[in-house]
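I have placed the structure first, in the form of structure tokens, so that the comments after it can refer back to it.
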Amino acid sequence: AYKAQEQDDVGYACYDLYDLGEFDQKGTIRTKYGTRGELVRAIDRLHEHGICVYLDAVMNHKAGADEKERFAVRKVDENNRDDEISDTYEIEGWTRFSFPGRKGKYSDFTWHWYHFTGTDYDAASDDSGIYKIQGEGKEWSKKVDEENGNYDYLMCANIDYHHPEVIEEMKHWGIWVARELKLDGFRLDAIKHINTDFIRDFIRTMKTTLGEQFYFVGEYWKDAPDDLDAYLAAEDYALDLFDVSLHYNFAAASKLGIQYDLRQLMDGALVSTHPALSVTFVDNHDSQPGQSLE
């Protein structure tokens, strides 16, 4: 629901989490979906009909920076992010977010290269890849999914959840947006790429401030029941998860047809192991035709 790097973007290449369609930024005031006023009226109308509203919270990365900065990096192997394939050298990356259209309203925090752990483009050489930012305390989070060696980095400018300024700013934003929009909860996007400790702290802070009824569902996209079980335990069972394993069982049944044994449909699914924490679904925006997980 917030300003992305261009108006046609669905919102996952998010630029400014405080711009809900209110400021003239990235060539538009509205987001893809409309203005802040239209968003508020839509939420009010839903609440009038007893429908809870959860915000899709994209906290893994930022896109569409306002300025470039120079900083030291090492390039890593895309298939194993722990494998550094270059010495340290300087690049020119898009990491400076100053939000000139908003002019400090709601938050005066500005982002620099040291608030991120990685990026994907060197403007100086017009080269793309995964660049691990170097400096004091700079490292991939160890508390993320182990796919690709370490799956901290997903896309764009990857937010550093070891940095204390980042942690406080993101908690400030969470409370602000929940109050401004009278939200009932969050869908946490791409959580297998975000530091587990931060997510636990973020949920605890939100529930302490807004009440225990404030709801969280996480998108941990992995067909691995043991990993989902371990994640729930690490987060003190404070959130629900989308039942990705059940989704893959549905997919297998749809392909095998009459040969599929329906008695296996719930095998390994969260709805079997943690029924109170399972959010079941058939398909979503990523698995529909033409998308990344089709």
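The values are calculated or read from the model by the stated rules, or taken from the named source; none is laboratory data. Remember, predicted model here, so these are calculated numbers, not experimental data. Neighbour counts are summed over all protein chains in view; Cβ atoms, including those assigned to glycine, are modelled from backbone coordinates with ideal geometry. All accessible areas refer to the heavy atoms of the entire protein, side chains included, with ligands and DNA or RNA removed. Shrake-Rupley method; radii C 1.70, N 1.55, O 1.52, S 1.80 Å.
Some notes on this structure:
- Accessible surface, per residue, of the chain when the full set of protein chains is kept, probe 1.4 Å, Å²: 48 Å²
- For the chain, adding -39500 (n - 2.57) for each run of n ≥ 4 DSSP H residues and dividing by the number of residues yields -7500 deg cm²/dmol at 222 nm.
- Full extension of the chain segment joining Tyr215 with Ser254 gains 10.9 nm, where the gain is 0.36 nm per residue of separation less the Cα-Cα distance.
- Computed Rg/Rh of the range 217-274, alpha carbon atoms with Kirkwood Rh: 1.03
- Modelled FRET efficiency - R0 25 Å, Ala123 with Gln291, Cβ distances, 0.05 increments: 0.30
- Potential lengthening of the chain between Gln7 and Asp236 amounts to 78.7 nm, from the contour at 0.36 nm per residue minus the alpha-carbon distance.
- Label-to-label distance, nm, for residues given as His163 and Asp77 (7 Å Cα→Cβ offset): 2.8 nm
- Inter-probe distance in nm under a simple model that places probes 7 Å from Cα toward Cβ, at Asp267 and Glu67: 5.8 nm
- Part-to-part distance (alpha-carbon centres) for the range 17-72 and the range 80-96, which is given in Å: 30 Å
- Hydrodynamic radius (Kirkwood) for the range 155-272, which is based on Cα pairs only, to one decimal in Å: 16.0 Å
- The apolar share of the surface of the chain, taken as the fraction of accessible area on carbon and sulfur atoms (1.4 Å probe, ligands and nucleic acids excluded), comes to 48 percent.
- Entries of Lys26/Lys103; Lys68/Lys143; Lys143/Lys207; Lys103/Lys132; Lys3/Lys75; Lys3/Lys103 with Cα pairs more than 19 Å apart: Lys68/Lys143; Lys143/Lys207; Lys103/Lys132; Lys3/Lys75
- Using every pair of distinct Cα positions in the chain, the Kirkwood expression returns a hydrodynamic radius of 20.4 angstrom.
- Remark: the range 84-228 carries a charge dipole of roughly 1000 debye about the Cα centre, counting +1 on each Lys and Arg Cβ and -1 on each Asp and Glu Cβ.
- Here each label is just a point 7 Å from Cα along the line to Cβ, and for Ile85 and Ala42 those points are 4.1 nm apart.
- Once C-alpha pairs closer than 8 Å and six or more residues apart are averaged by separation and normalised to the residue number of the range 5-160, the relative contact order reads 22 percent.
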